[in-house]
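The values are calculated or read from the model by the stated rules, or taken from the named source; none is laboratory data. None of the values given here were measured: they were computed from a predicted structure. Using ideal geometry, Cβ is built from the backbone for each residue, glycine included, and neighbour counts are taken over all protein chains shown.
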Amino acid sequence: MKLQAVKGTRDILPNRQAFWHHVIGRVGSVMARSGVREIDVPIFEHTEVFTRSAGASSDLVVQKEMYTFTDRGGRSITLRPEFTGGVLRAFIEHGMVNWPTPVKLWSHGPIFRGEQVQRGRYRQFHQVNCELVGLPGPLIDAEAISLLYDALRACGLKDLVVRLGSVGDPEDRARHNHYLRAALNPHREALSEASKTRLVLNPLRLWDSKDPGDQELLKDLTPPLEHLSNEARDHFEGVKSYLDDWEIPVEVDPAIVRALDYYRRTAFEIHHSAIGAQSALAGGGRYDGLIGHLGGPDLPGVGWAFGVDRVLDALTVDEVGIPKESGPDLFLIPLDEEAVGEVARLARHLRAAFRVEHSYRRRNPGRGLRDAERSGAPLAGLRGAAERETHSLTVKDLVSGEQRDILEDNLPAFLRKAGRA
Ligand code: AMP
């Protein structure tokens, strides 16, 4: 059998690394400037962390999308299908409840879900995640959304739209579920298979269905935003007015719902034309009650996640100028056998401050200079018998063609003067 990557997983090859670092770097600076601290949590946890945080009626549990296995000690372990469960487990375990509120945390790393693989939908993908814990008011929801918006903008994305809705409080949700069951039970047979299950377990999630038949049935029904209590409505209006004030483009989406059970009130997504209307670049919401459910104190929270893979697709469409892989500062060419070891020693020394590459075997000058050009270096340093005699290199500027002898000891100063560090 030919060895291949598992379906739904991808290699990030060296030429895509600059892209990757660009996104994580830009997001990291937005977070640092906003007092959001980075946290790493394990890639796998006890399965219960995720079954509890996602909820029994979530797709992760119902559609069996989690990568779960039994370890040698007979414990059930799951590869993280989302960040929130692990981050909140860490929050509780490390007593962050005693930190000043809000506690603001961000993370990034791989996420695993056994989903149907298609464009923009993988089984291992990379998420950036953020959780703001401890405050109940609309200001912190607005801050979460603005952090997400600013992070995506900082990556270089244009034309982003925030879609904002609310799933209300648990009582609103119960009322809405009751309403949907009453309205749709008579048409049960016309629903898609997944939605038949949703109608039993969690009717609210029907609004997330992409199935045209389901959408036709939902068309004439009142969405969750129109079923809110006065308190939840005020909260929603509060979030929206902060975002309007901060000039973040918002579209109200009365039917927005989130995949996990514990979301309440605020729910949001960010969309970009390149990704298509059906799938979001990012999503999040408020999850008051979840920390208590995970065994911690009864603290409110709000969070979001975006998929780096999808952001990269969108960046390609926006033609953002992401730095190309750059070449080394200097490429060394050994012109005889003895010089092979000499250039390697010199390279090692110079690498304390500069990017230096070299040929690993003797080259004639023509071939050596071709190697240097291919590496992308602006300067080539040739070393042969004559240069050995004078402890120097013949340094050639590959752009102007200019050539000069530089003493080994003077190379760092020369490279600095040439603007290489
Ligand atoms: P979710 O946790 O499902 O709300 O997803 C948050 C974000 O993660 C989405 O908006 C996508 O950008 C990304 N995402 C979710 N599932 C996948 C997947 N299977 N492949 C790639 N990206 C994904």
- Message: For segment 343-364, give me the residue count where each residue is out of contact with any strand residue (DSSP E or B) (no Cβ under 6 Å at 6 or more places or on another chain), surrounded by 12 or more Cβ atoms within 10 Å (Cβ to Cβ) and within 14 Å of G384 (Cβ to Cβ).
- Response: 1
- Query: Which of the residues spanning segment 87-103 are small (G, A, S) and under 11 Å from P297 (Cα atoms)?
  - Reply: G95
- Give the residue that is farthest from the ligand (Cβ to nearest atom), with candidates limited to residues of segment 4-26 that are surrounded by 10 or more Cβ atoms within 10 Å (Cβ to Cβ) and in a loop (DSSP other than H, G, I, E, B). I12
- Task: Would you mind stating whether R121 is under 18 Å from the mean Cα position of the chain (by Cα) and free of Cβ contacts under 8 Å to residues at least 40 places away in the same chain?
- Result: no
- Return the residue satisfying two criteria in turn: it lies in segment 153-187 and is of a type in the set (A, V, I, L, M) and touching a Phe, Trp or Tyr at 6+ places or on another chain (Cβ under 7 Å), and of such residues it is farthest from I248 (Cα to Cα). V167
- Task: Test T78 against the criterion of being among the β-branched types (V, I, T) and in a loop (DSSP other than H, G, I, E, B), and give yes or no.
- Result: no
- Restricting segment 47-72 to residues that are at pLDDT 85 or above and polar (S, T, N, Q), which is nearest to the chain's Cα centre (by Cα)? S53
- Task: With the condition kept exactly as written, say whether any residue in segment 129-150 is under 17 Å from the mean Cα position of the chain (by Cα), near the ligand (Cβ under 9 Å from one of its atoms), crowded, with 19+ Cβ neighbours inside 10 Å and under 20 Å from I24 (Cα atoms).
- Result: yes
- Note on the structure: Filtering segment 111-125 down to residues that are over 15 Å from V61 (Cα atoms), within 8 Å of the ligand (Cβ to nearest atom) and buried (at least 16 other Cβ atoms within 10 Å of the Cβ) yields I111, G120, Y122, R123, F125
- Only residues that are touching a residue at least 40 places away in the same chain (Cβ under 8 Å) and assigned to a strand (DSSP E or B): list them for segment 87-110, please. K104, L105, W106, S107, H108, G109, P110
- Query: On the given criteria, is S107 of a type outside the set (F, W, Y), modelled with pLDDT under 95 and surrounded by 18 or more Cβ atoms within 10 Å (Cβ to Cβ)?
  - Reply: no
- Message: Among the numbered criteria (1) among the acidic types (D, E); (2) in contact with a strand residue (DSSP E or B) (Cβ under 8 Å, 6 or more places away or on another chain); (3) under 30 Å from R72 (Cβ atoms), which one does D11 miss?
- Response: (2)
- Task: For Y263, indicate whether it is buried (at least 23 other Cβ atoms within 10 Å of the Cβ), aromatic (F, W, Y) and under 29 Å from V87 (Cα atoms).
- Result: yes
- Meets criteria (touching a Leu at 6+ places or on another chain (Cβ under 8 Å), over 15 Å from R258 (Cβ atoms), in a helix (DSSP H, G or I) and not assigned by TED's automatic domain parsing to the domain that holds V61) for R181: yes
